[in-house]
Structure formats: C-alpha cells, structure tokens
Amino acid sequence: MTSQTPPRLALAHISKRYPGVVANDDVSLTVAPGEIHAVLGENGAGKSTLMKIIFGAVRPDAGEMHFNGAPVTINSPHDARNLGIAMVFQHFSLFDTLTVTENIALGLPASQQGNQGNIRQLAERIRATAERYGLPLEPNRHVHTLSVGERQRVEIVRALLANPQLLILDEPTSVLTPQAVETLFVTLRQLADEGTSILYISHKLDEIRALCHHATVMRMGKVTGVCDPRQETAASLSRLMIGGEPPREARVAAERGPVRLSVQELSLPRSHAFATELERISLDVHAGEIVGIAGVSGNGQQELLAALSGEDTRASNVSVQLGGKPVGKLDARQRRRAGLAFVPEERLGRGAVPGMSLATNILLSHQTPPYVRQGMISPRAATGLAVAVINRFRVKTSGPDALARSLSGGNLQKFIVGREIESGPKVLIVAQPTWGVDVGAAAQIHNEILALKATGCAILVVSEELDELFAICDRLHVIAKGHLSPSVPTETATREQVGLWMSGLWEGGPAKAGNAEVASHG
C-alpha cells in the first residue's frame, strides 16, 4: 500500500455492549486494499460481533469507521452492500422456503438483483460461478433441501457474485471438504491480487497461516495484538488467542461391549427431487466405541441422520435398532426415551431455538422428571441443569436466561453438545461436533466425547473434518452417493484411502468407473 492509497477499511475505537457482556471494547483495525486479514480469538472474543458491525447488521455503541478513506455510517446490510461490502455469515442468512437463486438475488446489491425476467440469467450466473470456484450448486433447489455444507456454498457464491471491494468471511470452511477449501483459497488469493480486501475469521490455524497476510488477535472483546501469521506456528497462534496452552486430547481406552446401535440394509427413496437415496446402509456401533462417517456434503449424511434420529420414520421397523430393539418406526421423542441423544448438524433452528433462553432450550432434550412432571415444567430444575452445562463446558454467556441467539456460534455448540451429554445417553449421534469451535473448545468437546465413550456409550460421529475423525474415532466409514463403505480402523486407515472412498472408489462402491457422478453431489 502506497502512502497515497487509503486503507480499504479503518475502524477506530469500536465498542459494543450487551446486558452483562462487553462484546467489543475499544477495537481498532485497518485493512489495506488487496489484503487478506485474519481476525483470531476464542469463541466469544467478539469477532463475529465486530464483523456484523462492519456489515451493518449490528450498530456500535461508540467508534468510527472509514471506507476507502471516507467516513461512513453503515446502518444496515443494504448500506454495506451498496458500499461494496459482502459477508458470509457463520450462521446462515437464508430463507428455507426460497430457492438458491431467489436467496442469492435477495443478497445482491440492488443494482444486481434484476427482475423476474432475468432470474433465469441469474441462475446461469450462479451455476457458472459455482462451477468455476469448485462449489457446485443447483440454482433451482429450495434451501430447506440443502445440507449444511451446501448452504455454506450458497453463502459463499452469493458473496462472490456481488464483486465486493471488501469480503467478510466468518468461518467459511467449517463444513467444506479439504478439496473445496483449497479451491476456495485459490479464489481468495486471486481476488486479493485483483484488489479485493478480505476479512477472514477461522479457528483453523493452519488455514490462517497459509492464507492471511496479517492477523488481529482478540481476547474478551479487546485487541491484544497484530501479527504476521506466516511467521507464527499453529501452537504460537493458539497461545496468542487463549493466553496459554489448549487442553490436550487424550485417547481413552474402553472395553468394547455389545452392539448398541445397529443399522441393517437401510434403504430409503428420495423424500424430494434433490435428496440422496440411501441404498442398503449397514453399520454397527458397540458400547464403548466411537464410529465415524466421513464424506463430501450432500452424499446422504442428512438423510441418514434423519433416519437414525427419528426425524424420518419411513425405515422398516427392524432396519434401525437400539439395544437390540427395533426403533425404525419410532419418532424422535420415543427414541430419546430408548436412550438416544442427538446433536444435529445445524445448531440454530435445529439444535436450539434462537429466541428461547438456554434454560428453556435445555428442555428440548430433557422432558422427563425432574424437569417435566405430568406435563408441568420445573423452571428451577431446568435452570439448574442449564447452569451445570454452562459451567462444565465453560460456555461464555451472561447466564441461563440468555437467549440462544445471543451466544457466539462456538459457545452455542458447546452448550448443545453438553446438553446431550448431560442426558447420560446409551447412544450418542453427533453431527459436526466442533463446527466453528476454537481450538481449546474443540479439544474440550473431544475429551468429553471420549469420556462418554469410557462410560460405555456407543457414539456415532458424522463429520467433514477428517482430522477430527482420525483423532477420536475407533473405526471409519465413508458415505458416497447414498452408499456406505466398509469400516476401517483409524489406526490403519490413511487419508489417501479415505479420500478415494469419498469419491465412491471402494470395492462394490457406487462409482467404480470414476468419481464424476459422486462429485456432482459434493
């Protein structure tokens, strides 16, 4: 940046307070044209609030903002878009009942939204842009039919279509495959070379080191330093973020017991035009065992989770069994009573009700005494359990009366995982357990899952994070195009083998001749 070139963005003394919480405390930050600038910090450090202030979704209590050298007041996302600012939110800002094209049209600057007559042209632009950047999308699909990973692609493609001067990315790779991440990085470097400034939030420190020119570190709402992440190690960045060493993950030895979760020859037709058909899925999870399922988003994970949790009850009664008892026709509540706990892949709207307090959200999975008796809720018992989860999992919040939507993504994830573990399940099914969670909290969640395994719980983990699956699982399957691979012990599996299986390339797999068809789903 020359002395004559003003910063693309300059923040001075930004502060934002909520009841009982200081989200941003006198924050200053500068981003140059063509710079990829990371913002690092633990869950609840204030990163997402700061990004929402820049995008106009949150109004600051104090401070000034300059864009391209001129003072600006951004009162809404509409103002931000018209300035040339685009944002990919950690929690998706999509309308479930609209199509991909309609959602993207609503998120574009007014000059680019067009009218009904050129919606078809926009759909073609979406398809071309998605293919160009390795983020395949079907523009005519309704958002409610998309997996979390596919929704992430919609957010990213919408931001790219806006041709922004400043692109804000809040955990953009949390549910993308390694291949999609690398393709996205190529795109971001190209945008930076063309002059686009990028603010990048991620808890994946190796990504920060590989991609970003500078990093601003935040802790408890304050800026604690600025560094060049390329000159740091992942360990030193972690220490800057949390002020010490993160907890270590320790494998737990547990005696493998009887089969607790059994799936036999589970086949389900598509529930809608864009769903993935499940074909002859079989797997067993024993007591004291963690089994993982890897795969590219959109290859049947969503459908399998629905069939196992009780959201989809179309399976034959005997194809899903808990503790040897058939539950394929039981609904989610009945399966919970049989000892199943479930963490869905989407935390807001599925794992928690945004407008309810944490104490009330506890009741989503605790509807037996002492929390509910003869249809009557005990607020005291629910509050007590919420406090126990908050304390045990170190959830940063003002207390059990805080609304779920007031928590950072990582802290809400810790609360949901903790709520399910506190139910003392016989079987735990958890999707994306550390999505958007900082390195210290991720280790804590993993250790709690491992501790639950030691009690004899049978645990099934569905994740697109291969490092996570290799770290905590005893065996791995891969799902591709609605088919499930054989299992392989994580001690003998390799990433290369799992990568091939993610393309359907295993003996008897769905894509013997190549991976083009499977890739179209991911």
**Q.** Per-residue [θ]222 nm for the chain (sum of -39500 (n - 2.57) over DSSP H runs n ≥ 4, rounded to 500)
**A.** -9000 deg cm²/dmol
**Q.** Neighbourhood net charge (11 Å Cβ-Cβ; Lys/Arg +1, Asp/Glu -1) for V296
**A.** -1
Q: Determine ³J(HN,Hα), in whole Hz, for all residues of region 230-239 in sequence, where each value follows from phi through the Karplus function 6.51 cos²θ - 1.76 cosθ + 1.60 and θ = phi - 60°; x replaces Gly and Pro.
A: 5, 9, 10, 9, 4, 5, 5, 5, 4, 5
Q. For the chain, which span is the longest to avoid every loop-located (per DSSP) member of chymotrypsin sites (Phe, Trp or Tyr not before Pro) having at most 15 other Cβ atoms inside 10 Å?
A. 275-522
Q | Vicinal HN-Hα couplings computed from phi for region 208-222 (Karplus, 6.51 cos²θ - 1.76 cosθ + 1.60; Hz; Gly/Pro x) | A | 4, 5, 7, 10, 9, 7, 9, 9, 9, 9, 10, 8, 6, x, 10
**Q.** For the chain, fraction of C-alpha pairs farther apart than 38 Å, in %
**A.** 26 percent
Q: Of the DSSP beta bridges with both residues in the chain, give the percent that are antiparallel, rounding to the nearest 5.
A: 50 percent
Q.
Rounded to the nearest angstrom and ordered from largest down, what semi-axes does the equivalent ellipsoid of region 9-242 get from its C-alpha gyration tensor (root of 5λ)?
A. 29, 20, 16
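Read-outs throughout are calculated quantities, based only on the coordinates presented, and are distinct from any laboratory measurement. Note that this is a predicted model, so its numbers are computed, not measured. Cβ coordinates were reconstructed from backbone atoms using ideal geometry, including for glycine residues, and neighbour counts include every protein chain displayed.
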